[in-house]
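Notes follow once the structure below has been shown.
The values are calculated or read from the model by the stated rules, or taken from the named source; none is laboratory data. This structure is a prediction, so every number in the text was calculated from the model and none was measured. Because the Cβ atoms are built from the backbone with ideal geometry, glycine has one as well, and the counts that use them run over all protein chains shown. We work out accessible area using only protein heavy atoms, side chains counted, and drop any ligands, DNA or RNA first. Shrake-Rupley method; radii C 1.70, N 1.55, O 1.52, S 1.80 Å.
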Amino acid sequence: MARFIFITGGVVSSLGKGLASAALGALLQARGFSVRLRKLDPYLNVDPGTMSPFEHGEVFVTDDGAETDLDLGHYERFTGVAARKTDSVSSGRIYSNVLEKERRGDYLGKTIQVIPHVTNEIKDFIAIGEDEVDFMLCEIGGTVGDIEGLPFFEAIRQFSQDKARGQCIFMHLTLLPYIKASGELKTKPTQHSVKELRSIGLAPDLLVCRSEGPIPQKERDKLALFCNVRPDAVIAAQDLSSIYDAPLAYHREGLDQAVLDAFEISPAPRPNLERWEDVSDRVHNSDGEVRIAIVGKYTQLEDAYKSIAEALTHGGMANRVKVKAEWIDAEIFEREDCVPHLEPYHAIIVPGGFGERGTEGKIKAAEFARTRKVPYLGICLGMQMAVIEAARHLTDMTDAGSEEFDHEAGKKRFTPVVYHLKEWVQGNAKVERAVDDDKGGTMRLGSYDAVLAEGSRVAEIYGTTKIDERHRHRYEVDIQYKKLLEEKGLTFSGMSPDGRLPEIVEIKDHPWFIGVQFHPELKSKPFEPHPLFRDFIRAAKENSRLV
Ligand code: GLN
C-alpha cells in the first residue's frame with residue numbers, strides 16, 4: 001500500500017512546486033522506493049488540451065494519449081516513470097464526471113453537493129493504482145486560499161483521515177522574501193499561509209521555503225515554532241543555476257531524510273545519487289557551445305516549448321556542449337529575408353504548432369536548412385513544413401500545402417500533400433473522426449509504433465528499426481506523394497506498421513535533415529537523452545566546428 005505525500009503551495013504561485021515534487025520523487029527512487037507523481041489542477045478546463053500555449057505553456061502528452069499539464073513532463077524527466085491518463089486531473093474533469101454520473105442516475109436521486117460527491121470523486125482519483133507503488137506524490141495546483149482549490153484541499157484532508165495514521169504527509173512550499181533595506185528574510189507570509197492551511201484542517205509536516213540565499217538558523221527556528229513543524233523539516237530551496245541540480249540540492253538540505261522521518265521509516269535506506277551526480281557534472285562541465293534556432297509561433301513564453309528546451313539541454317549534456325537555444329518568430333521570415341537571421345545558428349528546429357500563421361516562414365527556414373546543409377529537426381508541424389517545402393521546390397507542385405490551412409481559410413488553395421486524417425488504426429482497433437468533431441481530444445494522440453527503414457539514418461540513430469513515440473496531431477503527410485518525393489531525395493524512413501502513415505522523413509544527401517511526425521522531446525530525460533536530440537546536437541556541434 002502506498003504512502004501519500006501531498007504537495008501544496010502558498011504565498012505566491014510559480015515557486016517550483018512541480019520541480020520540488022519531481023526532485024523528491026527522484027530522491028525517493030535513489031533510496032530504492034518506487035514512486036508515482038500526480039497533479040490535481042483546480043482550473044475548470046476539462047484538460048489543458050484546448051488551453052493556449054501562450055497562457056498555460058506546453059501540453060504534455062502521455063503514452064496513453066492524455067493531454068496534460070507540463071508539470072507531468074518534469075515528473076517524467078526526473079523519475080523516468082511514464083505518466084498516465086490517471087496522473088492528471090482538473091476540477092473540470094472532476095465536475096464533468098460527477099455531472100455525467102448524476103445524469104445517468106448513479107446517485108439514486110440524492111442532492112449532489114461538493115461534499116461528499118465532488119470530494120469523493122477526487123479521493124477516488126487519488127487512490128487509483130495505490131497498490132502499485134511505495135510512494136504516491138500528489139501535487140495540488142494553485143495556491144492555498146484560491147477559491148477553486150478548496151474542494152481539493154478538503155478532499156486530501158478527508159483522504160488522510162480515511163487512511164491509517166502515518167500513511168499521509170503534507171509538504172507545503174512557500175516563499176521567504178528578502179527585504180534588502182533591512183537585510184532580512186521574512187517569515188510572516190509563510191506563517192500566514194500555514195495559518196490558512198490549518199484553517200481548512202491541514203497541518204503541514206514539512207515546509208519547503210524558496211529563498212534567494214540560505215536560511216539562517218534563527219529564521220528556521222521561528223518557522224518551526226510558528227508553523228508547528230520540526231526544525232529539521234524546514235527545508236531551504238535556494239535558486240539554482242540548473243533545475244537538474246535540484247535532487248542533489250534538496251538532498252543536501254535534508255528533504256528526503258525529513259520525508260522518511262515524517263513517515264517514521266527507520267533505518268532509512270542509503271541513497272544512491274550517482275545518476276544525479278553525473279547529470280550535474282554534465283550540466284556544469286561542458287566544452288563549447290552550440291547555437292540552435294527554434295523557428296516557431298509561440299515564442300513569447302518559453303514554457304510553450306518546455307520539453308523541447310529540456311530535450312536540447314539533454315542532447316547538450318550527452319555531447320558535453322552548452323546549448324544556447326533562441327526562439328525566432330517565424331512570421332519575421334514572411335517580411336524579411338531569413339538568411340541573416342538564420343546564418344548565426346549551428347542547427348535549426350521547426351517545432352510543432354497549430355494553424356496557418358507563421359507557416360510560410362517555417363517553410364523558408366526548412367528551405368534554408370536544406371539548401372545550406374544546416375542540421376534540421378522538424379517536429380510534427382515542422383516535419384509537415386519540410387515535406388511541403390520539398391514538394392514545392394524539388395517537384396513541380398508549387399502550390400503544395402496542408403489541408404489544415406485550407407480548412408482554416410474556408411477555401412481550397414493548396415494541393416494537400418498534408419491532409420486531414422479521418423480514420424486510423426491504434427493497436428488492433430480502428431479510430432474514426434469527423435472534420436467538425438470537438439476540438440478537445442480528437443487528435444491522433446499518445447504512443448504509436450513506427451517501423452524504420454533498414455540502413456536509414458534514423459535506424460542508425462535509434463539503434464533499432466522498431467520504435468514507439470508520442471503523437472498529437474490531426475493532419476498527416478499523404479503517402480501518394482511518397483514515390484515522387486523519394487525520387488527527389490526526401491526519403492520516408494519511418495512509417496506506421498501498416499505502411500499508411502509517414503512517421504519520419506530524411507534527406508540522405510545532407511549532414512542532418514530529419515522530420516518526425518511525433519514528439520521525441522516528450523520522452524527525453526537528463527540521464528537518458530533522446531537519441532534524436534543526442535544526435536542532432538552532435539551534428540550541430542560538428543557544424544559549429546566548421547563555421
Ligand atoms: N497542426 C498540425 C496537425 O494537427 C501539427 C500538430 C503539431 O505540430 N503538434 O497535424
| message | Would the chain count as rounded, prolate or oblate if I go by the C-alpha gyration tensor, calling it rounded below 1.5 in a/c and otherwise prolate when a/b exceeds b/c, oblate otherwise? | response | prolate
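With the Cα gyration tensor of the stretch 1-96 giving a ≥ b ≥ c as the square roots of its eigenvalues, does the rule (a/c under 1.5 for rounded; else a/b larger than b/c for prolate; else oblate) give rounded, prolate or oblate?
On the way: a/c = 1.67, a/b = 1.45, b/c = 1.15.
Taking the square roots of the gyration eigenvalues as a ≥ b ≥ c, the stretch 1-96 is prolate.
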| query | By how many nm would the segment from D399 to K508 lengthen if fully extended, with 0.36 nm per residue of separation less the alpha-carbon distance? | reply | 36.8 nm
| message | I'd like to check one number: the per residue accessible area of the chain, probe 1.4 Å, reported in Å² as a whole number. | response | 42 Å²
| Helix 150-162 versus the longest principal axis of the chain: what is the Cα-based angle in degrees, 0 to 90, to the nearest 10? | 60 degrees
| Separation in nanometres of the label points that stand 7 Å from Cα toward Cβ, at N272 and T86 | 2.9 nm
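Which of the pairs K39/K364; K85/K306; K123/K218; K195/K523; K85/K525; K17/K195 have their Cα atoms more than 28 Å apart in this structure? Present the calculation step by step, with values, prior to reporting the outcome.
On the way: K39/K364 39 Å; K85/K306 20 Å; K123/K218 39 Å; K195/K523 40 Å; K85/K525 20 Å; K17/K195 19 Å.
Pairs exceeding 28 Å: K39/K364; K123/K218; K195/K523.
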| task | Order the peptides 487-499, 250-262 from the highest to the lowest mean number of other Cβ atoms within 10 Å of their residues. | result | 250-262, 487-499
| query | Which order, highest average first, do 232-240, 376-384, 516-524 follow once you tally other Cβ atoms within 10 Å for each residue and take the mean per peptide? | reply | 376-384, 516-524, 232-240
| message | In the stretch 454-482, whose amide N lies under 11 Å from the spot 7 Å out along Cα-to-Cβ of E432? List them in ranges. | response | none
| task | Using R₀ = 51 Å, calculate the FRET efficiency as 1/(1 + (r/R₀)^6) where r is the Cβ-Cβ separation of T465 and M1; round to 0.05. | result | 0.75
| query | Is it possible to state the helix-based mean residue ellipticity at 222 nm for the chain, with each DSSP H run of 4+ residues giving -39500 (n - 2.57), the sum divided by total residues, to the nearest 500 deg cm²/dmol? What is it? | reply | -10500 deg cm²/dmol
| query | Using a ≥ b ≥ c from the Cα gyration tensor of the stretch 200-337 (square roots of the eigenvalues), is it rounded, prolate or oblate, where a/c under 1.5 gives rounded and otherwise the larger of a/b and b/c decides, a/b for prolate? | reply | prolate
| field | Computed E for I115/I265 - FRET, C-beta separation, R0 30 angstrom, nearest 0.05 | value | 0.40
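Please give the net charge around G18, taking every other residue with its beta carbon less than 9 angstrom from that of G18, where Lys and Arg add +1 and Asp and Glu add -1.
-1
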| remark: Between the modelled labels at I200 and E423 (7 Å from Cα along Cα→Cβ) the distance in nm is 4.8 nm
| said: Quick check: the angle from helix 274-284's long axis to the longest principal axis of the chain, C-alpha only, nearest 10 degrees? | reply: 60 degrees
| request: Give me the distance between the Cα centres of the stretch 526-543 and the stretch 330-394, rounded to whole Å. | output: 20 Å
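Mind giving me the FRET efficiency for E289 and R252? R0 is 30 Å, r the Cβ-Cβ distance, nearest 0.05 is fine.
Values: r = 29 Å, r/R0 = 0.95.
Working from the Cβ atoms, E equals 0.55.
Percent antiparallel among DSSP beta bridges with both residues in the chain, to the nearest 5? Present the calculation step by step, with values, prior to reporting the outcome.
Numbers: 30 of 81 bridges.
Antiparallel bridges: around 35 percent, rounded to the nearest 5.
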| task | Could you rank the peptides 525-531, 63-69 by their average count of other C-beta atoms within 10 Å per residue, with the highest value first? | result | 63-69, 525-531
| field | the stretch 472-547: relative contact order in percent, alpha carbon pairs under 8 Å with at least 6 residues between | value | 20 percent
| request: Could you calculate the contour length gain from K412 to F226, that is, 0.36 nm times the residue separation minus the distance between their Cα atoms, to one decimal place in nm? | output: 60.2 nm
| Roughly what would the spin-label model give for E486 and R500, points 7 Å off Cα along C-beta, in nm? | 1.9 nm
